[in-house]
1. Quick check on my filter: what residues within the stretch 205-226 are within 20 Å of V152 (Cβ to Cβ), under 14 Å from the mean Cα position of the chain (by Cα) and either open to solvent by 30 Å² or more (accessible area, probe 1.4 Å) or away from the ligand (no atom under 11 Å from the Cβ) (or both)?
2. Restricting to the stretch 180-204, count the residues that are over 15 Å from the mean Cα position of the chain (by Cα) and not in a loop (DSSP other than H, G, I, E, B).
3. All but one of (1) more than 29 Å from M80 (Cα to Cα); (2) polar (S, T, N, Q); (3) within 16 Å of the ligand (Cβ to nearest atom) hold for S132; which doesn't?
4. Quick one: which of A32, A38, A20 is farther than 17 Å from D239 by Cα and in contact with a strand residue (DSSP E or B) (Cβ under 9 Å, 6 or more places away or on another chain)?
5. Can you name the condition, by its number, that P96 falls short on among (1) within 17 Å of the chain's Cα centre (by Cα); (2) closer than 18 Å to N208 by Cα; (3) of a type outside the set (S, T, Y)?
6. Here's a check for you: in the stretch 40-50, which residue that is touching a Leu at 6+ places or on another chain (Cβ under 8 Å) and in a loop (DSSP other than H, G, I, E, B) is most open to solvent (accessible area, probe 1.4 Å)?
7. Among the residues of the stretch 227-247, which ones are within 16 Å of the ligand (Cβ to nearest atom) and open to solvent by 50 Å² or more (accessible area, probe 1.4 Å)?
8. In this structure, does H156 turn out to be within 13 Å of the ligand (Cβ to nearest atom), over 13 Å from V9 (Cα atoms) and under 13 Å from the mean Cα position of the chain (by Cα)?
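The values are calculated or read from the model by the stated rules, or taken from the named source; none is laboratory data. Just so it is clear, the structure is predicted and the values come from calculations on it, not from any experiment. All Cβ positions, glycine included, derive from the backbone under ideal geometry; neighbour counts span all protein chains shown. Heavy atoms of the whole protein, side chains included, go into the accessibility calculation; ligands, DNA and RNA do not. Shrake-Rupley method; radii C 1.70, N 1.55, O 1.52, S 1.80 Å.
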Amino acid sequence: MTGKLRLGVNIDHVATIRNARGGGHPDPVQAATTAERAGADGITAHLREDRRHISDDDIARLMTQLQVPLNLEMAATSEMLDIALRHKPHAACIVPEKREERTTEGGLNAAGGLQHLAPYVSALNDAGIRVSLFIEPERRQLEAAVSLGAPVVELHTGAYCDAIGLEQDRQFQRIADAAIAAGELGLECHAGHGLTFETVGRVAALANVRELNIGHFLIGEAIFSGLDSAIKRMRSLMDQARAERSA
Ligand code: PXP
């Protein structure tokens, strides 16, 4: 039995384009409401330490204007924890963050950072914010999520999306195995990073995966077909893969 697969649309790169000129256009909050109307089940936004795309004001406006849940991606820092506790989004996804990286490279080393992460996970849990950890599809990272008390993991799909041929099959298998293991360990399993129209189907077909978070490709594709159309096509590819899986 495969449950409904949710689509979280990440709007960070609408803010990247806005910030290239320093004004207010295009507005990521307007993109979020467009995404809602196009069928997004949630909106994801990453407030980075250097504020290179999403701003504090964007988070405040998303919290008041969204009808669907907000998933706040955040580094495990006291500044970000304060912001999360002030806004109380539906969910928070803890991600690794390095100033010099272009995007989130690799998953959080939860297994190697138990002591550092524990107070963040418990403060978010206590505030009723659903915590997820963005991790590599590895057993030891899943086990770390369990020991930290995080109810959700998001599996990093970047290596699968970047690979080709047999290496892509191998990377996909790591995700498939981790999704099964997550279910056995009682974790809710999400996935994301780098997903496109071409790579989404195999991940969407994994029965244990409940949510996909997709951003850069959709915002790029919106240049050619519009955001509404790009999201609807992604949604339909996800649904099709899911239906074929359960048929
Ligand atoms: N999930 C997480 C945890 C991320 O950090 C990102 C990128 O910000 C995404 C999903 C979306 O990745 P992409 O923009 O490549 O679709």
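1. Those that are within 20 Å of V152 (Cβ to Cβ), under 14 Å from the mean Cα position of the chain (by Cα) and either open to solvent by 30 Å² or more (accessible area, probe 1.4 Å) or away from the ligand (no atom under 11 Å from the Cβ) (or both): V209, R210.
2. Initially, the stretch 180-204 is screened for residues over 15 Å from the mean Cα position of the chain (by Cα), giving 180-187, 197-199, 201-202.
Now restrict to residues that are not in a loop (DSSP other than H, G, I, E, B): 180-184, 201-202.
Number of matching residues: 7.
3. Of (1) more than 29 Å from M80 (Cα to Cα); (2) polar (S, T, N, Q); (3) within 16 Å of the ligand (Cβ to nearest atom), only one is false for S132: (1).
4. On the way: A38 fails: farther than 17 Å from D239 by Cα; A20 fails: in contact with a strand residue (DSSP E or B) (Cβ under 9 Å, 6 or more places away or on another chain).
That would be A32, the only listed residue that is farther than 17 Å from D239 by Cα and in contact with a strand residue (DSSP E or B) (Cβ under 9 Å, 6 or more places away or on another chain).
5. Answer for P96: the failing condition is (2).
6. The residue in question is D41.
7. R233
8. On the way: within 13 Å of the ligand (Cβ to nearest atom): yes; over 13 Å from V9 (Cα atoms): yes; under 13 Å from the mean Cα position of the chain (by Cα): yes.
Spelling it out, H156 is indeed within 13 Å of the ligand (Cβ to nearest atom), over 13 Å from V9 (Cα atoms) and under 13 Å from the mean Cα position of the chain (by Cα).
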